[in-house]
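Trainee: Please read through the structure below; I'll follow up with questions.
The values are calculated or read from the model by the stated rules, or taken from the named source; none is laboratory data. These figures come from a predicted structure and were not determined experimentally. Virtual Cβ from ideal backbone geometry, glycine too; neighbours counted across all protein chains shown. For the accessible areas, the whole protein counts, side chains as well, though only heavy atoms, and no ligand, DNA or RNA atoms are used. Shrake-Rupley method; radii C 1.70, N 1.55, O 1.52, S 1.80 Å.
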Amino acid sequence: MSMQDSAYGVALWRQVADGIERGIADGTFAAGERLPGETEIAETYRVNRHTVRRALATLAERGLVRAERGSGTYVEAHRRLAYPLRSRTRFSEIVGDSGHEPRGQLIEATDDIATRDLARELGLKTGAPLIRIESVRLADRTPICVSTTWLSAERFPDAGDVFASTRSMTKLLAHYGVRDYRRASTKITAAIADATDATHLDLALGRPVLVVDATDVDTAGKPLVTKRARFAAERVEFLVENS
């Protein structure tokens, strides 16, 4: 298919960046290897060189490639983020321990109502008021996951404002006196990124995401939050641990 086909409304530079990132992830382009020149990439994807330059600039910002004047663009040493799934899972700790800077950004916070499924996960009555937080989590400048989190509006009033300030779910819970919590349940499925998630994750439409549905509880076993996180599949590898 011609990359000039923009029927899906996806920016061409993002499609090019996604294709090169995919090649880095699957080993087509090895660490230290020089990428094809701008003209060759433009011909491969049927785009102009300006589009290629923007795609390469995005990858350079994420630390995936580096440009050397007069020589070309090279693949930096890169591997998927090892992401342990265990009873105590903290995004900031996992990313920080891997040598990257964890970052969180609030997309929006809205009022919601507990459906039957959400009420069951949170130990609430159906129809109970909730706060729904949409956020994106990054390692350095690379988007790793988009997350939807639901909390009791009664127990965590103004949670959206607190997250906007702290940019961390752990710090948000600490604000309300919750100093420790653990993962009660985790379910992993595969899906295709929709248009909204693809935009937030800087992915082209049709790229896979790993969907993690999870519920966290306090030390007494009382539900705190339930969430659905969509991870860019080519940027993480899950490690399921027993402790």
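Trainee: Once fully extended, how much extra length lies between ALA67 and ARG228, figured as 0.36 nm per residue of separation less the alpha-carbon to alpha-carbon distance?
Mentor: Value of the extension gain: 54.3 nm.
Trainee: Still on this structure, please answer the following. Can you give the net charge of the other residues whose Cβ lies under 13 Å from the Cβ of LEU138, counting K and R as +1 and D and E as -1? Each step should come with its number before you reach the end.
Mentor: Numbers: positive: ARG62, ARG103, ARG137, ARG141, ARG167, ARG235; negative: GLU61, GLU101, ASP140, ASP202.
Spelling it out: positives minus negatives among the neighbours equals +2.
Trainee: Another question, if that's okay. On the accessible surface of region 38-154, probed at 1.4 Å, how many percent belong to carbon and sulfur atoms? Don't skip to the answer; put the middle values down first.
Mentor: On the way: 2790 of 6390 Å².
Solvent-exposed carbon and sulfur of region 38-154 make up 44 percent of the total.
Trainee: Region 36-66 to region 182-219: how many Å between their Cα centroids?
Mentor: The distance from the Cα centre of region 36-66 to that of region 182-219 comes to 28 Å.
Trainee: Report the FRET efficiency, 1/(1 + (r/R0)^6), for LEU85 and GLU40, where r is their Cβ-Cβ distance and R0 is 45 Å, rounded to 0.05. Show your work: numbers first, answer last.
Mentor: Working: r = 40 Å, r/R0 = 0.89.
Given R0 = 45 Å and the Cβ-Cβ separation, E is 0.65.
Trainee: Going by average Cβ neighbours within 10 Å, how do the peptides 91-104, 151-164, 178-191 rank, with the highest at the top? Let's see the in-between values first.
Mentor: Working: 91-104: 16.1, 151-164: 18.9, 178-191: 13.4.
In decreasing order of mean packing, 91-104, 151-164, 178-191 become 151-164, 91-104, 178-191.
Trainee: Starting at the first residue of region 126-143, write each ³J(HN,Hα) from the Karplus equation 6.51 cos²θ - 1.76 cosθ + 1.60 with θ = phi - 60°, in whole Hz, x for Gly and Pro.
Mentor: Listing the rounded values in order: 4, x, 5, x, 10, 10, 10, 10, 9, 8, 10, 10, 10, 10, 6, 10, 9, x Hz.
Trainee: Taking Cα pairs under 8 Å and at least six residues apart, what relative contact order does region 134-183 come out at, in percent?
Mentor: Working: 30 pairs, mean separation 9.7, N = 50.
Computed over region 134-183, the figure is 19 percent.
Trainee: Leaving out ligands, DNA and RNA, and with a 1.4 Å probe, what % of the accessible surface on region 175-243 is carbon or sulfur? Before the final figure, lay out each step's value.
Mentor: Numbers: 1690 of 3410 Å².
It is 50 percent, rounded to a whole number.
Trainee: Might you tell me the accessible area per residue for the chain, computed with a 1.4 Å probe and given in Å²? Mind showing how you got there, number by number?
Mentor: Numbers: 12620 Å² over 243 residues.
The answer is 52 Å² per residue.
Trainee: Relative contact order for the chain using alpha-carbon pairs under 8 Å, separation at least 6, rounded to a whole percent? Please report the intermediate quantities before stating the final value.
Mentor: On the way: 454 pairs, mean separation 46.3, N = 243.
Once normalised by length, the contact order is 19 percent.
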